[in-house]
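This report refers to the structure that appears directly beneath it.
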């Protein structure tokens, strides 16, 4: 039995679309991610990254295969899975009428963080992410950079062991994206298992311990950057990606 | 654990609501001021109307061949008013000359005009109008006064009515005078004294008027106030992206919906509370001087009862709003869906306006309509508390169903992610039929009740053919066609084993007695007046119709078409959703609810359960058809012979139960189970969803 925080075996998702018929958005995916590791899911738009991560966060139900997060199987113990993860994506948002402090309090409580330690946790996150100055202003009044910090802080509100980031930098400017990558690296150093999807090669190169290349719903390769270089004989990640993508279509 | 998630989300919803000025205004401020405002306006309008009606000065003209007689008659009637100084507030009438009365009426120079017509003229007029032939026969060659007015003008209608009242009075005085002069032995007024007394108290009259409108008004405000929050809470969250955030937290779908339902219900309840307090303050304490027709008595106890009565209404309105919001992919789509949802909820609240509608009828099973009538009955002070309780439970159950339905929307990936379709939706056909069959029957039930209320033929036979034959046959055929079902499979058109027929012939009469015994038991809890049963019997068996026709209409046709509908299409659609026992209970229960007289529901449901069991055991519709036909024919025959099964002893019922058990045992021995039932091992299922016939061991 693997001790990985996240274990995925044959995960599959089939959609039915009026125009395209049966679409295998995710096809027999096998992956693992350990604590203190960042696993990058690298793929073009429509490759199946978001669908995979949404299945892991229980928003979507897999058509086939199984996956465990901290030992909890997705379909058998969905609530335990959700309590073990923090999910962040460019499409997730915050409640506009409440303050950052109330936001952190809400997500800690709704994720069953021990009631007596909620305030302590909220103060810790406010301090860590530098939110003190505007902790009691309504979210709707904050700038997008501030909102992004609050969003990441709320992902960590219940101190989950697994973090899922679905293209988190897609809507951010260069500086905010840089800051976010620093935070994600820190989270890995804190011992979290991080799954991080992106279509930006440089991001994957800089941040990920291992990179899984996903194309048309299938994992084509999964290894460290050096391992992928060795397997393909290519140096740059972009070349490696193109190599695998072309191979799969050949 | 459940409570903490619900509490957290509920707290978030309420906090967000209170910080949104627009929602606070619509949900709280508007309901606070709207009712007193409406009451004040209606009081002013009513006072103004009464004043206008009593003090107005009316100009009118007199025309026609016998206008001199009319003028003389009218002078008498008007003079009466002028000679009564005590009645200075009474309307006055002024005769004006005219050359074109119709034109003057058009241009408002006069309010109405009176035509004085001679007898011959009137005869000629009536002769031209075939619809008034009866009047011609009864006409006694008297002068005729015809009042012409315009009903689209209030002053014209009221003035004409006032004058007509005076003409009738003058006619009576003159007739009495003629009778006395002709030697009538006593004065006509002494012949008999007529006194009419309205025994309803002013509170009851006011309660009836107010009660008719109260639920409509309350639901309208609930929808307006709750709608803003409900639309924002799911559709708005989808659009903002906060719903996905929430769905990835430790809160379960049920917790999320429950918390949101509680939040919207809280708003709706605040609105109810505001209205009930408004009623108590403004009407109960008489702070606003409304017309006597609305000055209902609303003591604190009645106000409290009304509040409790409206709790499930608030939950149901909230549930429907949440369903609307959950099934909309965007905020805008939710706003579009809001109007039909509101109309759908307001329509049943108009039930108290139906003439002679009583809570002791099938209406008690219609959510909202039942509460609207219960509210009226409570305000009138004539509530049947058992029926009020049933109404409350029915509406509460509907609210729970709406909540469950909304929770299902959060499981629907298509609504959350907007990226894919459900497999059944994609494949369509039989797979989709299994998913949709209950929705179809809910719609069918509503359509059936509407048709029964509105369509009837002069010949009762055609009415029966239409409602029992055509409508019930159309439903399964429509489903077969729409979902492209295999007719033989969907309607279970398979031959049973021969031994089954013995069980059917023995079981049908036994079941009739058992069902009658069950009816007697239910009657102890929900007593049905004997007159109701007798009038029902007379209605379905008119004496002028030959017995053989009644047998065909009420035994053979229902035996075939109702079985095709319920044990055919419905059972087929639900076979994979419920275990066989629950399947029989559900199909039987739904069959019962299609018998709209409330006293028939439990007993017909029991018959439906037995017929479902027979179909499940035999895998065929035909035994149930014969059973149903025998059941109805026997009941009609015994009814026509005056044999009362209801008067049977416990020995009779016990014996019948044993015979029924024996019949079902015979069927069990000859069983060939319905294919593709839930819980059946996959190996016994044939490709395509059905399986080869199973045989007894």
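The values are calculated or read from the model by the stated rules, or taken from the named source; none is laboratory data. None of these values were measured; they are calculated from a predicted model. We place every Cβ from the backbone using ideal geometry, glycine too, and count neighbours over all the protein chains shown.
Looking at this structure, is residue B:525 at pLDDT below 95, over 20 Å from residue B:635 (Cβ atoms) and out of contact with any strand residue (DSSP E or B) (no Cβ under 9 Å at 6 or more places or on another chain)? It would help to see each step written out before you state the result.
On the way: at pLDDT below 95: yes; over 20 Å from residue B:635 (Cβ atoms): yes; out of contact with any strand residue (DSSP E or B) (no Cβ under 9 Å at 6 or more places or on another chain): yes.
Yes; evaluated as a whole, the condition is true for this residue.
Residue check: is residue B:219 assigned to a helix (DSSP H, G or I) and modelled with pLDDT of 80 or more?
Working: assigned to a helix (DSSP H, G or I): yes; modelled with pLDDT of 80 or more: yes.
The answer is yes for residue B:219.
If you scan segment B:92-108, which residues turn out to be outside any helix (DSSP H, G or I) and either under 20 Å from residue B:66 (Cα atoms) or touching a helix residue (DSSP H, G or I) at 6+ places or on another chain (Cβ under 8 Å) (or both)?
Step one: list which residues in segment B:92-108 are outside any helix (DSSP H, G or I), which gives B:92-100, B:107-108.
Those that are outside any helix (DSSP H, G or I) and either under 20 Å from residue B:66 (Cα atoms) or touching a helix residue (DSSP H, G or I) at 6+ places or on another chain (Cβ under 8 Å) (or both): B:92, B:93, B:94, B:95, B:96, B:97, B:98, B:99, B:100.
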> With (1) more than 8 Å from every other protein chain (Cβ to nearest Cβ); (2) touching a helix residue (DSSP H, G or I) at 6+ places or on another chain (Cβ under 9 Å) as the list, and residue A:115 as the residue in question, which single condition is left unmet?
Replying inline: (1)
> If residue B:24 satisfies every condition in (1) modelled with pLDDT of 80 or more; (2) closer than 28 Å to residue B:93 by Cα but one, which is the exception?
Replying inline: (2)
>> I'd like the residue in segment A:100-126 that is in contact (Cβ under 8 Å) with a residue 40 or more places away in the chain and outside any helix (DSSP H, G or I) and, out of all such residues, is surrounded by the most Cβ atoms within 10 Å (Cβ to Cβ).
In response: A:111
> Of the residues that sit in segment A:53-68 and are closer than 23 Å to residue A:191 by Cβ and away from every other protein chain (no Cβ under 13 Å), which one is surrounded by the fewest Cβ atoms within 10 Å (Cβ to Cβ)?
Replying inline: A:68
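Identify all residues within segment B:15-30 that are part of a helix (DSSP H, G or I) and either within 8 Å of chain A (Cβ to nearest Cβ) or touching a helix residue (DSSP H, G or I) at 6+ places or on another chain (Cβ under 6 Å) (or both); write none if there are none.
First, the residues of segment B:15-30 that are part of a helix (DSSP H, G or I): B:15-18, B:21-30.
B:15, B:16, B:17, B:23, B:26, B:27, listed by residue number.
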>> So, restricting to helices (runs of 4 or more DSSP H) that lie completely within segment B:119-195, which ones have at least 1 residues that are closer than 30 Å to residue B:92 by Cα?
In response: B:119-128, B:154-181, B:188-191
>> If residue B:456 satisfies all but one of (1) surrounded by fewer than 17 Cβ atoms within 10 Å (Cβ to Cβ); (2) part of a helix (DSSP H, G or I), what's the number of the condition it fails?
In response: (2)
>> Looking only at helices (runs of 4 or more DSSP H) that lie completely in segment B:540-626, which have at least 2 residues being more than 20 Å from residue B:452 (Cα to Cα)?
In response: B:547-551, B:571-574, B:580-593, B:601-618
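Condition first: touching a helix residue (DSSP H, G or I) at 6+ places or on another chain (Cβ under 7 Å), in contact (Cβ under 8 Å) with a residue 60 or more places away in the chain and more than 9 Å from chain B (Cβ to nearest Cβ). Can you find one or more residues in segment A:69-76 that meet it?
Step one: of segment A:69-76, the residues touching a helix residue (DSSP H, G or I) at 6+ places or on another chain (Cβ under 7 Å) are A:69-70, A:72, A:74.
Checking the rest, the ones that are also in contact (Cβ under 8 Å) with a residue 60 or more places away in the chain come to A:69-70.
Subset that is more than 9 Å from chain B (Cβ to nearest Cβ): A:69-70.
Yes: segment A:69-76 contains one or more residues that are touching a helix residue (DSSP H, G or I) at 6+ places or on another chain (Cβ under 7 Å), in contact (Cβ under 8 Å) with a residue 60 or more places away in the chain and more than 9 Å from chain B (Cβ to nearest Cβ).
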>> If I go through segment A:15-51 residue by residue, how many of them are within 20 Å of residue A:240 (Cβ to Cβ), within 14 Å of chain B (Cβ to nearest Cβ) and under 14 Å from the mean Cα position of the chain (by Cα)?
In response: 2
>> If I go through segment B:361-389 residue by residue, how many of them are assigned to a loop (DSSP other than H, G, I, E, B) and modelled with pLDDT under 85?
In response: 3
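Within segment B:227-242, does at least one residue satisfy the condition of being farther than 30 Å from residue A:158 by Cβ and more than 14 Å from chain A (Cβ to nearest Cβ)? Write out each step before concluding.
Here is the first cut: in segment B:227-242, the residues farther than 30 Å from residue A:158 by Cβ are B:227-228.
Cutting the leftovers down to more than 14 Å from chain A (Cβ to nearest Cβ) gives us B:227.
Within segment B:227-242, one or more residues are farther than 30 Å from residue A:158 by Cβ and more than 14 Å from chain A (Cβ to nearest Cβ).
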> For segment B:247-272, what are the residues that are facing chain A (nearest Cβ under 8 Å) and closer than 24 Å to residue A:139 by Cα?
Replying inline: B:247, B:248, B:249, B:250, B:251
> For segment B:329-343, does any single residue satisfy the condition of being in contact (Cβ under 8 Å) with a residue 40 or more places away in the chain, under 17 Å from residue B:230 (Cβ atoms) and not in a helix (DSSP H, G or I)?
Replying inline: yes
>> So for segment B:240-263 (the condition being modelled with pLDDT under 85 and within 23 Å of residue B:342 (Cα to Cα)), does at least one residue qualify?
In response: no
